[in-house]
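Heads up: the structure comes next, in structure tokens.
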Amino acid sequence: MTLDQWLIHIHSQHRLTIDLGLTRVGVIAKKLGLLPVTTPVVTVAGTNGKGSTVAALQQIWLAAGYRVGAFTSPWLYRFNELICVMGKPVDDAALITAFSQIEAVRAEVALTQFEFNTLAALLIFRAAQLDIMILEVGLGGRLDAVNIVDADVAVITSIALDHMDRLGDTREKIALEKAGILRAGRPAVCGDNDPPATLLAYVRDLGVSMAIRDRDFNCKNLPFSPLLPQNIATALQVIQVLQPRLPVTETAIRVAMQTLQLPGRIERIAGAVEHIRDVSHNPAAVSVLAEVLRQHPVAGKTYAVFSMLADKDIVGVLATIKDCVDAWYAAPLKCARATSEA
């Protein structure tokens, strides 16, 4: 089968797009001999800032000469973007081989697309003989498929209100879901400078040493980067934690910052009319885009082409950025989670 045919097949064999839990994916991971993972692992959870933090970590370790694998979601232009080795999306052949290996052992176990993707990433990373593996949580943390792997360093970038139907309707509840990636006796980094008391209590009870932004590290005197300083600072703190195992020089960090970018996150496209592409989908993330628009006012008008899924806080997002936009164009989505009204 081609990659497109594989993706159709994978979608057809599970009735749900999202089905949180570690039992199914854990069973298949063990059949494939994927656990325990021996390569150092950084797992990144959080409401916002995951992509930026992963991008910074990947670029810094690459600049330092290490073999790096990164598993992220969702993809923007091509499915292959989800799994990168040495900073490059893997080819179709690698994905097809991995999917074939998973299919050969799963029997009657129905896996979601994300579970297939996670297992494929672990198979591809094992074959690539990496120095470091970066795994981005898809949703929450505690029951997310990547949590079958014990992280050497667990990262929580931020905690805000999103996916409340699955994670809880308060920051305190959401924090506990994200805290599920923590492991006793292993270090953690928190990029949120105001973590809920529930997270702090969980960290204390688990016996985890967690570095918290503005308490143990900060955003001051950072190398220039187009991404948010708090996410760069979080990544640099992870680099510091793993410095004994993966030494990185200041020169490597500065080189990485010169080439660091994240497609789709306040991505500016120059031209006669400047375009900005942004994938933020909750009020906390959209507030960053709004601040950028306020800091860089245009002589003409700002037009927004807007789409958002039904389970997002559409009203809250619009309220956050409406004063920065002169006219709106709603672009309908063709998927089960689409909505026709706010």
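The values are calculated or read from the model by the stated rules, or taken from the named source; none is laboratory data. A quick note: this is a predicted structure, and the numbers were derived from the prediction, not measured. Note that each Cβ is placed from the backbone with ideal geometry, even for glycine, and that neighbours are counted across all protein chains shown. Each accessible area value is taken on the protein alone, full model and side chains, heavy atoms only, with ligands, DNA and RNA left out. Shrake-Rupley method; radii C 1.70, N 1.55, O 1.52, S 1.80 Å.
Quick notes
- Residue within the stretch 24-38 that is of a type outside the set (D, E), open to solvent by 70 Å² or more (accessible area, probe 1.4 Å) and more than 20 Å from G69 (Cβ to Cβ) present: yes
- Output for the stretch 281-292, where each listed residue is outside any loop (DSSP other than H, G, I, E, B) and open to solvent by 40 Å² or more (accessible area, probe 1.4 Å): A284, S287, E291
- Helices (runs of 4 or more DSSP H) wholly inside the stretch 147-248 that include at least 1 residues being of a type in the set (D, E): 164-167, 171-178, 197-206
- Looking across the stretch 262-273, the residues that are surrounded by fewer than 12 Cβ atoms within 10 Å (Cβ to Cβ) and assigned to a loop (DSSP other than H, G, I, E, B) come down to A270, G271, A272, V273.
- Against the conditions (1) modelled with pLDDT of 95 or more; (2) open to solvent by 70 Å² or more (accessible area, probe 1.4 Å), A211 satisfies every one except (2).
- Selection within the stretch 94-127: residues that are over 16 Å from the mean Cα position of the chain (by Cα), open to solvent by less than 20 Å² (accessible area, probe 1.4 Å) and among the small types (G, A, S). The member of this set that is farthest from E81 (Cα to Cα) is A98.
- Of the residues making up the stretch 73-87, not a single one is over 18 Å from the mean Cα position of the chain (by Cα), surrounded by 16 or more Cβ atoms within 10 Å (Cβ to Cβ), in contact (Cβ under 8 Å) with a residue 60 or more places away in the chain and in a helix (DSSP H, G or I).
- Complete set of residues in the stretch 47-61 that are open to solvent by 20 Å² or more (accessible area, probe 1.4 Å) and in a helix (DSSP H, G or I): K50, G51, Q58, Q59
- The number of residues in the stretch 142-174 being farther than 21 Å from K30 by Cβ and touching a strand residue (DSSP E or B) at 6+ places or on another chain (Cβ under 8 Å) comes to 5.
- Every pair of residues 6+ apart whose Cβ atoms lie under 8 Å, when the first sits in the stretch 179-192 and is over 13 Å from D216 (Cα atoms) while the second is basic (K, R) and in a loop (DSSP other than H, G, I, E, B): A179/R142; G180/R142; I181/R142
- Single residue of D313, D326, D278 found to be in contact with a strand residue (DSSP E or B) (Cβ under 9 Å, 6 or more places away or on another chain), surrounded by 13 or more Cβ atoms within 10 Å (Cβ to Cβ) and charged (D, E, K, R): D278
- Where a residue in the stretch 93-113 is closer than 11 Å to R24 by Cβ and its partner, wherever it lies, is open to solvent by less than 10 Å² (accessible area, probe 1.4 Å), with Cβ under 8 Å and at least six apart: R106/I28; V109/I28; L111/I10; L111/V25; L111/I28; L111/I102; L111/L119; T112/A145
- Scanning the stretch 329-342 for residues that are more than 22 Å from V298 (Cβ to Cβ) and either open to solvent by 100 Å² or more (accessible area, probe 1.4 Å) or in a strand (DSSP E or B) (or both) yields P332, K334, A336, S340, E341.
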